[in-house]
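Input: a single structure, listed below in structure tokens.
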Amino acid sequence: QSALTQPRSVSGSPGQSVTISCTGTSSDVGAYNYVSWYQHHPGKAPKLMIYDVNKWPSGVPDRFSGSKSGNTASLTISGLQADDEADYYCCSYGGSNNLVFGGGTKLTVL
Amino acid sequence: QVQLVQSGAEVEKTGASVRVSCKASGYTFSNYYIHWVRQAPGQGLEWMGIINCSGGSTSYGQKFQGRVTMTRDRSTSTVYMELSSLRSEDTAVYYCARGSWYRGDYWGQGTLVTVSS
């Protein structure tokens, strides 16, 4: 199973919005509404930000939102804050009892 | 509060095996799954597999089939991940994560496994 495709990096200024894409195939992202997004600050444990495409875990601000169209899922972060600077990973159920991660996107807050 | 506490860093020789533990607390252990995910230096997250903490059934990523074994001990609310035939490419931080089959909502602190010859 190949990794999902994410841009290597994105950037934005405080207060702006950024969108991170996650492209898979009709066998994973396109087939199931089981896309999740994780924020990972280096040296810390990853944190679940979005699950089931567009649902928020308790405690995650609604500045983070998820969506999906066809084989591509997206994470949008609005009102960028300095602490949002981190690596972001998408993850999708890939069928056949497998999960697959994206390659990760480094978000820089300018 | 939900906590997953992993065992400490390990240094192993090429060809050896390593076992990492993940002790859960703050919730009903058998009601959830535990995933194992790793991150090699400079690389992204990689899913290794999952164990059902109730019945003990497992699913492993294709890349790890035949080399990884995940088990659980309900009496101590601990999950174990053993990786055998270690090679240098297995040097990574290994994480456990509690959740449903499709996501990990609480993560352990990570365990660094270094494989050297």
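The values are calculated or read from the model by the stated rules, or taken from the named source; none is laboratory data. From a predicted model like this one, the values you see are computed outputs, not experimental measurements. Note that we place each Cβ from the backbone using ideal geometry, even for glycine, and neighbour counts take in every protein chain shown. SASA here: full protein model, heavy atoms, side chains in, ligands and nucleic acids out. Shrake-Rupley method; radii C 1.70, N 1.55, O 1.52, S 1.80 Å.
Selection of first residues in segment B:6-25 that are among the charged types (D, E, K, R) and of second residues that are open to solvent by 30 Å² or more (accessible area, probe 1.4 Å), restricted to Cβ pairs under 6 Å at least 6 apart or on distinct chains, gives the following pairs, ordered by first then second residue: B:Arg19/B:Tyr80; B:Arg19/B:Glu82; B:Lys23/B:Val5. Taken together, B:Tyr106, B:Tyr60, B:Tyr94 contain a single residue that is in contact (Cβ under 8 Å) with a residue 40 or more places away in the chain and either open to solvent by less than 50 Å² (accessible area, probe 1.4 Å) or away from chain A (no Cβ under 14 Å) (or both), which is B:Tyr94. Considering each residue of segment A:25-44, count those that are at pLDDT 95 or above, closer than 20 Å to A:Leu107 by Cα and of a type in the set (Gly, Ala, Ser), and give that number. Going through segment A:25-44 one residue at a time, the tally reaches 1. Taken as a whole, the structure places A:Lys44 among residues that are out of contact with any strand residue (DSSP E or B) (no Cβ under 7 Å at 6 or more places or on another chain) and within 9 Å of chain B (Cβ to nearest Cβ).
Taken over segment A:32-90, the criterion of being β-branched (Val, Ile, Thr) and free of Cβ contacts under 8 Å to residues at least 60 places away in the same chain is satisfied by A:Val35, A:Ile50, A:Val53, A:Val60, A:Thr72, A:Thr76.
When A:Tyr88 is tested against (1) away from every other protein chain (no Cβ under 11 Å); (2) of a type in the set (Ser, Thr, Tyr); (3) in contact with a strand residue (DSSP E or B) (Cβ under 7 Å, 6 or more places away or on another chain), just one condition goes unmet, and that condition is (1). Tell me, please, whether a residue that is open to solvent by 10 Å² or more (accessible area, probe 1.4 Å), in a loop (DSSP other than H, G, I, E, B) and within 10 Å of chain B (Cβ to nearest Cβ) can be found in segment A:57-72. Looking for residues that are open to solvent by 10 Å² or more (accessible area, probe 1.4 Å), in a loop (DSSP other than H, G, I, E, B) and within 10 Å of chain B (Cβ to nearest Cβ), one finds at least one in segment A:57-72, hence yes.
Taking the options B:Leu45, B:Leu83, name whichever one is open to solvent by less than 20 Å² (accessible area, probe 1.4 Å) and under 24 Å from A:Val53 (Cβ atoms). Steps first, answer last, please.
Working: B:Leu83 fails: under 24 Å from A:Val53 (Cβ atoms).
None of the other options fit; the residue is B:Leu45.
Considering A:Val18, A:Val29, the condition of being within 13 Å of another protein chain (Cβ to nearest Cβ), touching a residue at least 60 places away in the same chain (Cβ under 8 Å) and aliphatic (A, V, I, L, M) is satisfied by A:Val29 alone. In summary, A:Thr19 fulfils each of the numbered conditions (1) among the polar types (S, T, N, Q); (2) open to solvent by 40 Å² or more (accessible area, probe 1.4 Å); (3) within 24 Å of B:Gly110 (Cβ to Cβ) with the single exception of condition (3).
On the basis of being part of a strand (DSSP E or B), out of contact with any Asp or Glu (no Cβ under 7 Å at 6 or more places or on another chain), on the phi < 0 side of the Ramachandran plot and open to solvent by 60 Å² or more (accessible area, probe 1.4 Å), does B:Val5 make the cut?
yes
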